[in-house]
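See structure below.
Just so you know, all these numbers are worked out from the coordinates, no wet-lab data involved. All figures in this text were calculated on a predicted structure; none of them were measured in a lab. Neighbour counts are summed over all protein chains in view; Cβ atoms, including those assigned to glycine, are modelled from backbone coordinates with ideal geometry.
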Amino acid sequence: MVGPGLVVAATGVGAGDLVATTVAGARYGHTLLWAAVVGCLIKVALAEATGRWHLATGRTIFDGWRTLGRWTTWYFGIYIVIWGFVYGATAMSASGLPLVALFPDGPSLRVWGMICGVAGLLCVWFNRYAVVERLMMVLVGVMFVVVVSLAVRVGPDVAALGTGLWPTLPDGSIVYTLGLIGGVGGTITLAAYGYWVTAKGWTTPRWMPMMRLDNRIAYLTTGVFVIAMLVIGAELLHSAEIALATGDRGLLDLGGVLEERFGPVTADFFLVGFFAASFSSVIGVWHGVSLLFADFLARTRPHWAGPAAVAGQRERSLPFRAYLLWLTFPPMGLLFLDQPIGLVLTYGVLGSFFMPFLALTLLWLLNTGQTPLRWRNGWLSNGALAASGVLFLILCVEQIRDLPW
């Protein structure tokens, strides 16, 4: 019965999150384990709030944003267009990297990236949510088995893991701590959770317990996955004082370390998991964010969107497919950059601009008369959303400060 939660969690955990978690383990051992756990709890709160809004009100999250003023329409409309262009190239590149390593005599990174982008387009274009969910389940299973089995193989220090659950901040760790709490599994696709819940057939408040179970199972899985990556970084790299490259290429460095220690079969096994994590983000974003765009256009420009989008048949609508094409083909031009450092920086900044918007708008919507009294926020939800909003604002400022002005 579960599904939408795993889709949103797997979509949010991409190659960049794997690198960030592994680097945190390599630098600080198990000390920041507590931050990864807190990060998963925050995503549980955000996804639950999004799903609760959809089920309790029968309205989409974008419909709720529109009640807050025209500024939300302008903010979201400009954001989703720019973000899609930058993310499309980033996701295709991340999916192509492990394929280049697995098949060194095959196509170049650019070509593999384009193949992954088109494959994601075809998967979503010709299938509806049910098939997309099944594909995502397979990819989630692959990346979970690969990463957890590798963590077990490197031999986790159980006592150190227990110590890492106590909140501590080593010198110089504040940026990594904030990144672990706010970054792992946190993207614009959290806002798509409500649309996936609806596509699953959960459309009324009677599905609220199922949605909450689905959400908790998803982020429990994500939590185990993130902890496993931290263990790999701590046990394999921290003690040997091995540093990874920044960006997605850091995972290729990790593959090299695994090959030296365990042999080429283990390294290839890891690269398969790396690909599953990256390509799951491609499929999830191609489907989920296209749903968001279709709803956005149906409510702001219904004469452009067409009758399918206006009637709620978003997966077969013109704006859904137009955004799929936007995610796939224009960003291919960015793949021809030799060292797209500016692209990586831009994507990081863009990502940080959405999460405080989501957290703080949900905080408002779920405390007003727009939400039935029974389903409004309690003190725990309010605290989690308020803390998330503040945290993501701090992360946004940090991302901007890190830009090479």
Selection from CYS116, PHE144, PRO170, by position along the positive dipole direction of the stretch 105-179 (Cβ): CYS116
Have a look at LEU334, LEU102, LEU373 and tell me which one the Gaussian network model of the chain (Cα, springs below 10 Å) gives the largest fluctuation. LEU373
Can you sort TRP83, TRP196, TRP379 by how many other beta carbons sit within 10 Å, fewest first? TRP379, TRP83, TRP196
State the answer as a single residue: which of PHE354, THR300, LEU258 lies farthest towards the positive end of the charge dipole of the chain, with beta carbon charges of +1 for Lys and Arg and -1 for Asp and Glu, about the Cα centre. THR300
Amide H of VAL2: which non-local residues (sequence gap of 5 or more, or other chain) have their own amide H closer than 5 Å, using H built in the peptide plane? none
Each label point is 7 Å from the Cα along the Cα-to-Cβ direction; what then is the distance between the points at ARG216 and VAL272, in nm? 3.3 nm
List the relative contact order of the stretch 4-401 as a percent without decimals, with contacts defined as Cα pairs under 8 Å and 6+ residues apart. 35 percent
Along the stretch 385-395, Karplus-curve 3J(HN,Hα) (6.51, -1.76, 1.60; θ = phi - 60°) to the nearest Hz, with x for Gly and Pro, reads 5, 5, 4, 4, x, 5, 4, 5, 5, 4, 4
How far is it, in nm, from the label point at LEU318 to the one at ARG374 when both lie 7 Å from their Cα along the line to the Cβ? 4.1 nm
In vacuum, with every alpha carbon of the chain counted as one equal point scatterer, what does the Debye formula give for log10 I(q)/I(0) at q = 0.06, 0.08, 0.13 Å⁻¹? Two decimals, please. -0.22, -0.39, -1.08
HN-Hα J in Hz across the stretch 193-203 - Karplus 6.51, -1.76, 1.60, θ = phi - 60°, x for Gly and Pro: 4, x, 5, 5, 4, 5, 5, 5, x, 8, 10
Taking the Cα centre of the stretch 32-165 as the origin, how large is its charge dipole in debye, to the nearest 20, when only Lys and Arg (+1) and Asp and Glu (-1) carry charge on their Cβ atoms? 380 debye
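Could you give the size of the charge dipole of the stretch 4-401 about its Cα centre, using +1 on the Cβ of each K and R and -1 on the Cβ of each D and E, expressed in debye and rounded to the nearest 20?
In total the dipole reaches around 1740 debye.
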Please turn the phi angles of the stretch 316-326 into ³J(HN,Hα) values with the Karplus equation 6.51 cos²θ - 1.76 cosθ + 1.60 (θ = phi - 60°), one per residue in order, whole Hz, x for glycine and proline. 10, 8, 4, x, 4, 6, 5, 6, 4, 5, 5
Ellipticity estimate at 222 nm from DSSP helix runs (n ≥ 4, -39,500 (n - 2.57)) divided over the chain, nearest 500: -24500 deg cm²/dmol
Within 10 Å of each residue's Cβ, count the other Cβ atoms and sort VAL148, VAL282, VAL131 from fewest upward. VAL131, VAL148, VAL282
Order by neighbour count: SER149, SER280, fewest other Cβ atoms within 10 Å first, most last. SER149, SER280
Cα→Cβ-extended label distance, 7 Å offset, between ALA159 and TRP74, nm: 6.0 nm
Using only alpha carbons, build the gyration tensor for the stretch 1-141 and give me the equivalent ellipsoid semi-axes, biggest first, whole Å. 29, 23, 17
